[in-house]
Each structure stands twice: as C-alpha cells, then as structure tokens.
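Note sheet for the following structure.
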Amino acid sequence: MIDQIFGVWNYWIVFILMMIGLYIVISKKSLLKKIVGLALFQTSVFLLYITFGKIAGGTAPILTDNVNEIYSNPLPHVLILTAIVVGVATTALGLALTVRINKAYGSINENEISASDLVEYHKKYHEVKK
Amino acid sequence: MTFIIKNLPILIVITPLMFSLIVAVLSNNRLAWILSTFASFLTMIFSILLCFELSNNSNISYYLGNWPPPLGIEYVIDKVSIIPIIIVSVIGFIATLYAHNFFILEIDRNLVSKTYSLWLLTIAGLMGLITTADAFNLFVFLEISSLSAVALVALGSKMDRKALIAGYNYLILGAVGATFYVIGVGLLYGVTGTLNMSDLAQKIPALGLNKSVIVAFTFMMLGIMVKAAVFPLHIWLPNAYAYAPSPVSVLLAATATKVSIYILVRISYTIFGPSYEIYTFESLRYVLLYLAILAMFAGTIMAIFEKDVKKLLAHSSVAQIGYIVLGISLATSPGIASGFIHLINHALIKAGLFMSVVAMGYYTLKRIDVNSITGLGRQVPITFFAFVICALSLAGLPLTVGFISKLYLIKAAFMSEGIWLPFLILVSSALSLIYIWKLIEGLWYNKTNSKSEKIKELPEIYIPLLIISFLNIYFGIDADLIIDNSFIASDALISGIK
Amino acid sequence: MANEFYIYLSILTPLIAFFITPLLSSNPNLRDSLGPIGGIITFYSSLNIASLYLNGEILSYTFFQINETLSISFKITGLGVIFGLVASGLWILASIYTIGYMRGNKEKNQTRFFTFYSIAIFAAICIAYSGNLLTLFIFYEILTFSTYPLVAHKQNNAAKQAGRIYMGILVGTSIVFLLPAIIIVWVLTGSLDFAPNGVLKGNISNEYVPFLLALFAFGIGKAALMPFHKWLPAAMVAPTPVSALLHAVAVVKAGVFSMLVVITYVFGIDFLTETSGAVWLIWVSSITLLISSCIALTKDDLKARLAYSTISQLSYIVLGGAIATNIAVQGAAIHIVMHAVGKITLFFAAGSIYVATHLSKISDLNGMGKSMPLTFIAFFIGSLSIIGVPPMGGSWSKFYLMLGSVEKDYLLVIYILAISTLLNVYYLLEIPAKAFFQPKRTNIQVTKHPLIVYPTFFAAMLTIVLFIYIEPLKHITNLISGNQ
Amino acid sequence: MDNIILKVCTKVLFTPIILFGLYVQFHGDFGPGGGFQAGVIVAAAFILYAMVFSVEDCKVIMPPKLNFFLLALGAFLYGFVGIVGLILGDPYLSYDVLGSSKEAGQHIGILLVEFGVGLTVCNVMISLFYSFANFNFGKKNND
C-alpha cells in the first residue's frame, strides 16, 4: 500500500499536475489563466514521458569507451523535445489570440466577452426590427 | 523521374510544406495565390499518381531517412489511407483555386501571403496525419494542422471579432485533445517500447488485459474524438466554421474532421484491431453508436433553429459526422464501408454548400443569415443552382452522392442492428430536410415588393463551384469507384481484427 | 433494337422539352407548342410500346449499372403501359389547356412553369417504365421535387405554406418509410428488380409481411392514404393546370401506380393472398375512402372538394390492390385510367370557371350553367364517370372492384363502395345542379378562352369513348399479373 | 533604460553571446548542444539588446522582415536538405548520399539541418518577442 503511493511518487506528481492543469483550463474564466493551465497540463505530460525514459543511475546516452555503462532511454527525451516545441507554439498562439481578444473586446474574462457579444447581437436584432 | 514515383508518400506531405515556407515570405498576394494553387495542384497530381501506384501493390511503405521501423518513422499508404488522401488533395486544390477573391476581401492585405502559408501548412499537416504510421509523429502533424487551422480561423477577425473567440476555443480544446492523445501514446510506449503502429498492433495482444493499455486506448480515443468533433465533444466546431474566413470554412469543413475520423478508425482498427475482443470492448462500440445517434439529432435540431447560415451548415456537419461515426461503430465490413462512403460524399457535399454560401456572402458583402437570403437565388442563379444541387445531395435525393451514402448506411445498419437504427437515421435525415428546405425556399422566394438586381457572378468563383456540384451528381450516378474502394478499405481494416 | 427505340423516344421527349423550354423564353408561341408536340410524340411511342407489349414482347433497357445489384433500368410491365399511356395521352390535353389557362390568367414566370411541367412528365413516364424499385424511387423523388416549383408557383405566403406541407409529407414519408422498405427488400432478396409474381416469396417470414407492406403503403405518400393525405388539399393553391397534372396525371397516379407495382411485382398477389398480409390495407383504404368523401361534402371551395374526392378515388385503387385478386387489381388498373380522365375533366372545368369568372366557391356558382354551358356539361359528364354511371368509363372499374370483393367475400367492402358512391353523387352532382337549376345571383363578367373550353369538353367525351373502347385496356390489364 | 553600465556591457557582450551560440551550434555534432539551444542563445543576445536599448533599436539591427525571412529560410533549409537527398536517390531526410562516404554525408546533413533549426528557433524567439514586447496590456485602447 505504501509502495503504491510512495513507490511511484513521480507518477503521482504527474497525475496531480495534470489534474491541476486541466482544472484550471475548465474552471477559470480568464483566458490568460486558461493558457497557463494548458501549459501546466502539457508539462505534466512531458514529465510523464521523461519518467519512462529515466533509468535509475543512468547517464546521458553518449557513446563512451565504457561499454557497460547504464544510460537512460534517449527516445522519450527526443520526443519531448518535439512536444515542448509544440507546447511553445500552442502557448504562443494562445497568448497572441488573447492579446487580440483583449484588443477587440477590452477584456479577457469569458463572462464579459459573452456578455458583450450578447449586447452586440441584440443591437443588431433591434436594427433589423426597426 | 523515377525518384518522384519512389518518393510519392513523402512528396504529398513536403510539397505543400515547402511551398508554405516559400509563400510565407512573398509580398505579392497574387503570386502567393498562384504558387499555392500550383503547390496544391502538384499535391493532387502526386496523390493521383499514388493511387495508380497503389493499384499494383497492397501497400506502399516509406522509411524516412532510411531508418527502418520500429526505430525510424515509417510512412504507410494503403487502401484505407488513400481515401482521405484523395479527399484532402482534391478538395484542397479546388478550395485553393477558389480562395483568392475571398482572402483579399476578408483579410488584411499584408497578411494574405502568410495566410496562404498557413493554408498550405494545414494541408501538409493533414496529409502527414494520414500518411504517417508512427504514433508520435501523428501527434506532431495533429498539432501542425490544428495550430495552423486555429490561426486561419482567428484571421476571420477582420470580418467578425467572434472569430477570435472561436479560434481560442478551438485552440484550447484541440490542445487538450492532442495532449490526451499524447498521454495515451506515452502509456503505450511505456508498456510496449515502440511507437510504430503495426509494431504496436503486434505487441499489444500479448499484454492481455493490461490496465495501462486500457487507459491508453481511452485517452487516445478521447483525444481524437475531440478533433473529430464527435458529439458531445463538438462544441468548438460550429463557431470555428462559422467565423473563419470563407475559404477556410470550406477547407476545414470538407477535410479536417474527416481526417480525424480516419485516425479514429486507424487507432481502433489498426493499432487495437488484433486485440479487438479485449480492448475495443463491445461497450465502446456502443458508446460510439449512441453518441453518433445523439449527434445526428442534436446537430440537426441545432441546425433547424440556427439563423446564421454558415453556422447552420456547421451544425449540420456535426450531424453528418454522426452518420459517419455511426457507420464506423457498426464494426462490420458494410458498416465501415458506408462510413467511408459518407466520408467522401460528405466532403463533396459540405465543400459545395460552404462554397456556394460564402459566394453569396461575397456577392452581397454581408453575413448570410436566414432572413437576408430572401430572393437572393434569382440574383445569383448559378450559385443558387449549385447550392440546390448540393443541398439536395445533403438531403439524400436520388442521383446525388448523398443518396448513395444513405442507401449503404441504412443497409449496413439494418443488417447489423435491425429496423430501429435505420428508422432513427431516416427520421433524422427527414428532419434535416427542414433546414435545407428553409434555405432553398428562402433563396427561391422573392422579396416582397422590391425589384432585385442581378449580380454579376465571377467565373473564378462559380467554376470551382460547378465542378463540385458536378462531382456531387457524377458520383451519385457512377458510384462504383467510391463504393468499391470503400469496401476494399473496410475489408482491409476488418481483416486486421480477425 | 428498333423496338427499344420507343422507350428512348417516350422518355427523352419530355426531357428534351425540359432543356429546350428555357431557351425559348423569348418566343412564347414556339415555347408553348413544345408541350402538345412532345405529348403527341410521347403518346405515339407509348401506343407503340403498348402494342408491342400486347404482342408479348418484353422490352427492357438498362440505363446504368451502379453495381452488381443496383441499376437504373427500364422494363415494360402491364401496369407501366397503362400508366405511360395515361401520362402521355393526358399530357397532350393538359398542355393545350395549360397554354390557354396561363395566357387567359396572365400568370407570371410562364417559362419556368413549362420547364418544370415537362420535367414532371418526364419523371412520371420514367416511373411508368421503371424496371426496379431503385429506379422507381429515384424518379418518384424527382417527381416530388420537380413539382414543387409548380405548386408554389405564385410564390406568396399561402403558396409557401402549402409548399412546405407538400414537400414535408411527400419527401418525409418517402425517406422515413419508403426508403427503408426498399432497402429491406434489397437486403432480403439481394435484388430490386420487379418480377411478375413478386420477389419476396420465400425470402420473408409471413408475420413480417403486413409490416413491410405498411412501410410501402405509408411510404408512398403520393397515394394519399390517411393520415398522410394532407398534402393533396394543400397543393390546391397551385394554378389549376398543375392541379390537373397533380391529381389526374402525374403525381397521385404515380403514387397509386407505385402501390400497385409493389403489390403485384414485389409482393405478388398470390403471396399476399397466402399470407393475408394486405387485409389491414383494405380497412385502412376503406376508412380513407369514407372519411375523405365526408370531408368533401363539407368543402365549399371547388378545388378543395375535388381534392378530397381525389383522395377517396385513390383509395379505390389502393383497395383494389389490397383485395389482391386478379380481377380487383385489374379493376384498380382500369380505375387509374378512368379516374385520370374523369378527374382531369373536372379540374379543367374548375379551371375554366376560374379563368372565365374568377370564382372558386361552389356557393357562388349558382346559375352559371347558362353562361358556360359547354363547361358545365363537361363537368356533369366527368362527375358521372367518377360516380360510375354507364355509359361512362368509370363504371367499368367499379364493376371490377366489386367483382373482386365478391370473389373474396368482402361484403362489407361492397357496402362501403355503395355508400361512397352515394356520397359521390351528392357532392359532385350538386355543382352542375346548382349551376343549371338555381337562379343566377350575381352579375359576373364571363371571358372565355377557346384553348380552355375545348380540351375540357374533349376530355369529357373521352370518358364516354373509354366506356365503349375498353377491350384493349382489358387485354393489357389481363396481362398484369403474369398469367397470359 | 538609461543605465550606462548596462548599455556598455550589452554592447560588449552582444558578440560573445552570438559566438557562444555558434559554438553550441556547431559543437552539437559531437557533444551536447545543437540547433535548439544555439538558436535560443543567439535570440537571447537580440532580446537583451532590445531590453537594454529599445525594441525600435533592435528592429534596426534585426528588421522584422528579415527576421521573418530568416525564420522561413531556416525551416526551408531543413526541408531542402531532405529534398537533396531525395533527388540523389535516397529517401527523404537521408543524408548518406550527401558526402563521399556515409559518415561524411551524415556529417554534412546534420550540420546543415541543425543550422536550419538554429536559424528558425532564433528567429521564432525574436519574432515572438517582437509581437509581445510593445503591447499595452491595459484596458481597451480607443483607437
């Protein structure tokens, strides 16, 4: 039982970070905070991959004269390098959109944005009625 | 020229990719358009060549950088993946041909060439998604295509600021979906040590009822279901399609979700196919089935009450995705084949519908909603004609592609589930007639006491439109090509299960 | 080869008219003459097809093979010959009449009207000669969609509402009921072709037969079985030539024709008798027949009354099919012809009254008989034919229907037929009676158009001719169920 | 920022940072390093310059147009090297045929590709910085 909890503590961290990130994405009204949550969520996945790749006592996988040296699996790291780039692109695009939204709506709060869209809709509707 | 034949699987991906980089730095918008059209034309030619290549052998496999799998990345083209390849390349070409007038109207002039760059990048991403046989590479292409698609959607903000919100929601949901997928891939990699799809398929059955694999399967399916807009994970779709710049709506509606559905099929049948009894539980099949039925009705009913025409079409897309997923969830050869048939046909139908609706918006310079279309049909007769053909095709009028897909879908549903399922399908498609008819009627009726002038229709807009409507009819009559290939594809998938 | 040429000719003529008509919009005379000319050509080829059929030659032609089991193909059947003759023959009359009506009434968008008129005829003839269920379904739907612009020709709100009901019921039923029925047949038998004694025998267990038949019966909304009859009265907003086309020639006849085809060539009369799967249909059609006759009594609008009368007459034909004996089906097939001629007379008359006086209420027609004697005499003759009084053609079909029900001992059906005949007498003869014997109340300007009056009178004469000249028709109907 | 010490230090450090970036770039062939790291390091030099002086000054030494061009060029280089291999008769992204021997080919290929990566990463960083640097995050500006 203790092993179940503390023996795999790295997975617990991944899991907790993941849930925090997802919770932020779902619950926060601020568009900026959502992106922060998303970044956290993605980072937790990076950790998950790296946890797989790590071998206790292993070093960087660089060829040396010592044939018996233990080294970590390099593939997850490479994959995560790609995933980090993707994550950066996502975050950058999200931030850029947030900036543009702020410019267009004067707010980055979801509720205020939908309220102002509603106002716009009603204005248009009344114009049609006139 | 043999190196072209030899390298076709990668050429269809890198042609749009490389051209997107060239187009990005151009300052002349027209030149950017010509180059993009050329690139998408080349892609289409390569895809068609690939089709011929494939008629000789059952699949073409390509090792990137000469690294053999499972170490290297493998690209595989087989009888299944050729279907979405043809859809994306043909629709991509027609949409690119069609795009120019709209982009210079709807987007800031100095952004047009970059828009084309994103556009080609989307096509490249979609092509990569289809061809790759590496689970992680698939994630990269998933993000390439969806990030560029998000940027394209957000570019609609010059016309309507809601495009920004639509793009933002698309981004967040898409990123969560892709991350879900990558979690699943990570878990699979953790237990099998490989990322190659066929290698995974070989190793998973040996693991039995491993919890990691079950969780991985769930995560991957969920992630792709978000991308494929399977009900109820579709909420990003209507706004994204509705507020994107017009050509982007055409491209995305016709291709993006189709490719995601193809991946859904790939995951559940190719990767988990050999261990089908263990992992693709009967229950999951039923989850998909019921979600598809809900999607059919929810999408249709939302479309009936929707005023904005582009959004209406997007809601109808949700319903149509329901039909496709329904066919696939039947898990029989005719079922999957009918899913593929509708995959192709719906791409043709929705491309035509979006093209004609945005053309009307272009001519009248305003957003098309149900009230503003009254009498528009006589002002733009050619566009109206194309719209009617595609709309009737959506409704499933005989001699159009919509009828063929409905015929096979109902047959497959009847053969595996009995009468209740075809009945539900038909009720929902009869309901879909309501919104189709609302549009046709609105376009056809005259405005009360106002003489409307005829609008001069532009050949560069109506020629691609007429091509699409012609295809809608042609493949409704000569449906052999689509039907046969869909059955070959579904048989190939089903044989993986056994 | 040379014989199949007649199939091409009869199908392609209206199609060519459809393509040429829009090109001739600047020359109304030439455009309008296309209708009668096309009608004569089509009728000529239909006659040839009929005589070839009587000589025992089976013409068939596959237009397109979609895959091994699906094809768009044409094949001449006994019922098809009858329906083809009716559709093409009455097209001549209707097109001449239409010219007069459209000009006399100064309607707008005449070119569009004629264009869709010919495509509707095209669809009707294709239905007549269709060789399998898929072809039948395809042209059934095309007929629905091509008649929509005709129904909603006036493009006002009333037309919009009516058009919605029309499309909603016809397309809705065909998608929800007819299409699955066809697919069930396809799955069960692996083919959709018509066969002289049905294809379902041995492929379906007996308890499902009524169910499948119900899908067909309600799916063919054009047969106007209750409760899917509403579209017919709704479609009355259309110009009268359209009503004539819808109620006498193309649409409703396509519906009952499809019903008979399904009963004889898909189920097979013997199979239905064995399984008694059509008994429920007898009662449904009888009820439709009675109720719609009663509703017709209450209608004061002339066209609405005729519409409900049509619903009840259609039920005769369905009833004939449902009784499922050779004689009853023969009666039903003859009734297709007789009712077509009779009802087109009545609608022509109604239309000429409308063009001449702009009256549409029955109560306004008092005493009009003196100012338009020819029209009302035609109306009277047409009514007698519908009622079934010799020497009008309608008597034959009722005679056969009664024979059929006697053969099967459905005595109640005979009573119902008798009651409905009495109702017919009341609601149809009331109109000429009022016109001739009531004093004229209002002073109304009467303007006649020769192209309207003569086709009307000619149609009325045709009902008498058909009574005498019944033999060839009997020959054809004898061949319907395959026993030479 | 008008701090003279910072300005002088930046001017002195600017070149060594880029040089270090290049070192990391080309060392990546044999040891830890490579395009990603090098790109970020070089970008850091420009970003430092922009922070100490001003974004406008930085835009003089690295105009946004050039920045965008180099960004595309880097990615293009990556793809193009692959295409060269493809034309010479090997699959895409196979570098064996680029040199006289397999090793030499790999060497040249990786070098070029990593240079492309470095170029792109560096310019992406700079352009990200440009697009966010001058933005006013206050309430809606009434333009």
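Where a number appears in this text, it was derived from the coordinates with a stated rule and is not lab data. Just so we're clear, the structure is a prediction, and the values are computed from it rather than from any experiment. FYI the Cβ positions are ideal-geometry reconstructions off the backbone, even for glycines, and counts take in every protein chain you see.
Taking Lys and Arg as +1 and Asp and Glu as -1, the other residues whose beta-carbon sits under 12 Å from that of C:Leu179 total +1.
Evaluated with a Cβ-only charge set (Lys, Arg +1; Asp, Glu -1), chain C carries a dipole of roughly 1780 debye about its Cα centre, given to the nearest 20. Calculated mean residue ellipticity at 222 nm for chain B: -25500 deg cm²/dmol, from DSSP H runs with n ≥ 4 weighted as -39500 (n - 2.57), summed, divided by the residue count and rounded to 500. Subtracting the Cα-Cα distance of C:Trp283 and C:Arg103 from 0.36 nm times their residue separation leaves 60.3 nm of extension gain.
How many Cβ atoms of partner chains, on average, are near each residue of B:414-427 if near means within 10 Å of its Cβ?
Numbers: counts 6, 2, 0, 0, 0, 6, 0, 0, 6, 4, 0, 4, 9, 3.
The per-residue average across the peptide is 3.
Convex hull volume per residue, computed on the Cα atoms of the protein assembly as shown, equals 199 Å³.
With unit charges on the beta carbon (Lys/Arg positive, Asp/Glu negative), name the residue among C:Thr325, C:Phe43, C:Ala350 whose Cα is farthest towards the positive pole of the charge dipole of chain C. My answer, from the dipole projection, is C:Ala350. Extension gain for the segment C:Tyr44 to C:Arg112, taken as residue separation times 0.36 nm less the Cα-Cα distance, is 21.9 nm to one decimal. Of the trypsin sites (Lys or Arg not before Pro) found in region A:1-86, those in coil by DSSP whose Cβ has at most 14 other Cβ atoms within 10 Å are A:Lys29, A:Lys54. Looking at region A:39-130, the GluC sites (Glu not before Pro) that sit in a DSSP loop and have at most 16 other Cβ atoms within 10 Å of their own Cβ are A:Glu69. Summarised in one figure, the compactness ratio Rg/Rh of region B:292-498, Cα atoms and Kirkwood Rh, is 1.02. Taking Cα centre as origin and charging only the Cβ of basic (Lys, Arg, +1) and acidic (Asp, Glu, -1) residues, the dipole magnitude of region B:292-498 rounds to 660 debye. Modelling each spin label as a point 7 Å along the Cα-to-Cβ direction, I'd like the C:Ala195/D:His27 distance in nm, to one decimal. Using points 7 Å along Cα→Cβ, the separation is 8.6 nm. Between B:Ser27 and C:Tyr208, the distance separating the two model label sites (each 7 Å from Cα on the Cα→Cβ line) works out to 7.2 nm.
Looking at the protein assembly as shown, the DSSP beta bridges with both ends there are about 95 percent antiparallel. Cα to Cα, under 20 Å, and not fewer than 8 places away if on the same chain: which lysines meet these conditions relative to C:Lys474? Straight-line reach from C:Lys474, under 20 Å: C:Lys253, C:Lys398.
Among the listed pairs A:Lys124/B:Lys406; A:Lys123/B:Lys454; A:Lys33/B:Lys366; B:Lys227/B:Lys350, which have their C-alpha atoms separated by more than 28 angstrom in this model?
Over 28 Å apart, Cα to Cα: A:Lys124/B:Lys406; A:Lys123/B:Lys454; A:Lys33/B:Lys366.
What is region B:195-348 by shape, rounded, prolate or oblate, if you read a ≥ b ≥ c off the alpha carbon gyration tensor as root eigenvalues and call it rounded for a/c under 1.5, prolate for a/b larger than b/c, and oblate otherwise? Cα axes put region B:195-348 in the prolate bin. Here B:Lys310 is the anchor, and the aspartates and glutamates within straight C-alpha reach of less than 15 Å, apart from those fewer than 8 places off in the same chain, are B:Asp160, B:Asp369.
Legend: mean number of C-beta atoms from other chains within 10 angstrom of residue C-beta atoms, peptide B:157-170, equals 5.
May I ask you to derive the FRET efficiency for C:Met226 and B:Thr218 from their Cβ-Cβ distance with R0 = 51 Å, giving the value to the nearest 0.05? The partial results should precede the final answer.
On the way: r = 51 Å, r/R0 = 1.01.
Calculated value: 0.50.
Eigenvalues of the alpha-carbon gyration tensor of chain B, scaled by 5 and square-rooted, set the equivalent ellipsoid semi-axes at 35, 26, 20 angstrom, largest first.
At a Förster radius of 25 Å, what calculated FRET efficiency corresponds to the Cβ-Cβ distance of B:Ser495 and C:Asn67, to the nearest 0.05? My answer for the efficiency is 0.75. Label-to-label distance, D:Val8 versus A:Asp117, with points set 7 angstrom from Cα along the beta-carbon direction: 5.6 nm. Seen from B:Ile172, the other residues with C-beta closer than 14 Å to its C-beta sum to a net charge of +3, counting Lys and Arg as +1 and Asp and Glu as -1. Between the residues C:Ser33, C:Met259, C:Gly394, the greatest Cα displacement towards the positive end of the dipole of region C:4-478, with unit charges on the Cβ of Lys, Arg, Asp and Glu, is found for C:Ser33.
Computed from the Cβ-Cβ distance with R0 of 60 Å, the FRET efficiency linking B:Glu417 to C:Ser26 stands at 0.60. Panel note: the C-alpha atoms of region D:4-133, placed on their principal axes, show extents of 56, 28, 17 Å (largest first).
The chymotrypsin sites (Phe, Trp or Tyr not before Pro) of region D:1-102 that DSSP puts in a loop, and whose beta carbon has at most 11 other beta carbons within 10 Å, are D:Phe30.
Of the residues B:Phe384, B:Val226, B:Gly128, the one whose Cα sits farthest toward the positive end of the charge dipole of chain B, with +1 on the Cβ of Lys and Arg and -1 on the Cβ of Asp and Glu, is B:Phe384. Here the protein assembly as shown is assigned +1 on the Cβ of each Lys and Arg and -1 on the Cβ of each Asp and Glu. Its dipole about the Cα centre then comes out at about 4420 debye.
Relative contact order for chain B: 14 percent, from Cα pairs under 8 Å spaced at least 6 residues apart, divided by residue count.
Taking N as the residue count of region C:4-478, its C-alpha radius of gyration divided by 2.2 N^0.38 Å amounts to 0.91.
Across every pair of different alpha-carbon atoms, what Kirkwood hydrodynamic radius in Å does chain A reach?
Values: mean 1/r = 0.0548 Å⁻¹.
Taking every pair of different Cα atoms in chain A, averaging 1/r and inverting gives 18.3 Å.
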